[in-house]
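I have placed the structure first, in the form of structure tokens, so that the comments after it can refer back to it.
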Amino acid sequence: MQTLKFARKSRFNTLELITIMNEERIEEIGENHVGTSAKTPLRADAFDISDDEKIKRIEESVKDILNTLGMDLTDDSLQGTPKRVAKAFVNEIFMGLNPKHKPKASTFENNYNYGEMLVEKNIVVYSTCEHHLLPIIGRAHVAYISDGKVIGLSKMNRIVEYFAKRPQVQERLTMQVVQAMQEALGTEDVACVIDAKHLCVNSRGIKDIESSTVTAEFGGKFKNQDTKREFLDYLKLETEFE
Ligand SMILES: [Zn+2]
């Protein structure tokens with residue numbers, strides 16, 4: 001009886017309340033940029049359809065978005081946009097979703113017994129915020145200490161690129177780079193720091209054009225304060241290249 005009374009008084013029925021809470025939660029996750037899992041949330045059937053089929057479907061979806069916004073798609077300038085966007089999504093900016101693009105983790109023996117850390121600095125990061133589908137632009141700094149194996153320098157750039165080319169959360173990107181390097185090198189002693197601007201923060205929402213976000217993941221020996229400090233000190237080197 002009391003429940004009934006309450007229900008009658010309430011402005012919302014239960015279903016409406018659940019929907020409202022979900023919308024608030026959706027806003028909250030987006031505004032706070034909180035990732036909900038360390039693995040990219042891909043469905044099991046993600047690659048059941050071909051890239052060509054994905055491009056076709058995305059092209060139709062982009063047409064739909066532009067039409068909804070009231071754009072005239074017969075205009076010469078806009079005619080090719082849906083297809084261009086679809087191709088860029090599948091082949092470039094989200095190509096890192098597809099394991100067929102994962103860089104081969106070829107490693108070599110550490111023949112010269114180099115025993116110090118190796119740091120690959122200032123790797124350009126172009127990624128996409130998975131909450132707003134807007135760009136994340138920054139630099140990644142990756143380091144490892146060899147436990148017998150070494151990896152090609154450009155391979156480190158490629159690993160960063162592969163994981164960056166997904167809808168991403170910066171924390172997850174940082175962890176995925178470290179995990180991939182650890183797997184390839186057979187050692188826990190890998191670290192990654194990423195400093196990046198999120199256009200969803202810089203150009204919309206709070207519109208803070210100056211802020212950037214720093215994330216770090218330290219594995220194995222890099223958890224040791226001295227090793228961590230050494231790595232971070234190398235990042236401050238301001239070598240001039242001319
Ligand atoms: Zn965002």
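None of the figures in this text is laboratory data; all of them are computed from the coordinates on show. Since this is a predicted model, take the numbers as computed values, not measurements. Note that we place each Cβ from the backbone using ideal geometry, even for glycine, and neighbour counts take in every protein chain shown.
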### region 197-236 - residue that is part of a loop (DSSP other than H, G, I, E, B) and in contact (Cβ under 8 Å) with a residue 12 or more places away in the chain and, of those, nearest to GLU109 (Cα to Cα)
GLY219
### Query
If a residue has to be loosely packed, with under 13 Cβ neighbours inside 10 Å and farther than 30 Å from THR215 by Cβ to count, how many in region 38-55 make the cut?
6
### Task
Give region 175-196 a look and list any residue that's assigned to a strand (DSSP E or B) and crowded, with 19+ Cβ neighbours inside 10 Å, or say none.
VAL190, ALA191, CYS192, VAL193, ILE194, ALA196
### Message
If I filter region 174-217 down to residues being within 14 Å of ALA140 (Cα to Cα) and in contact with a Lys or Arg (Cβ under 6 Å, 6 or more places away or on another chain), which single residue comes out as nearest to the ligand (Cβ to nearest atom)?
### Response
SER212
### Message
Tally up the residues in region 128-140 that are closer than 12 Å to THR215 by Cβ and within 15 Å of the ligand (Cβ to nearest atom), please.
### Response
2
## Note on the structure
Among residues of region 117-127 being within 16 Å of the ligand (Cβ to nearest atom) and of a type outside the set (Val, Ile, Thr), the residue farthest from the chain's Cα centre (by Cα) is TYR126
### Message
Please return the ranges of helices (runs of 4 or more DSSP H) entirely within region 45-135 where 2 or more residues are charged (D, E, K, R).
### Response
51-68, 81-87
### Message
I'd like the full set of residues that are within 16 Å of the ligand (Cβ to nearest atom) and part of a strand (DSSP E or B), limited to region 141-168.
### Response
PRO167, GLN168
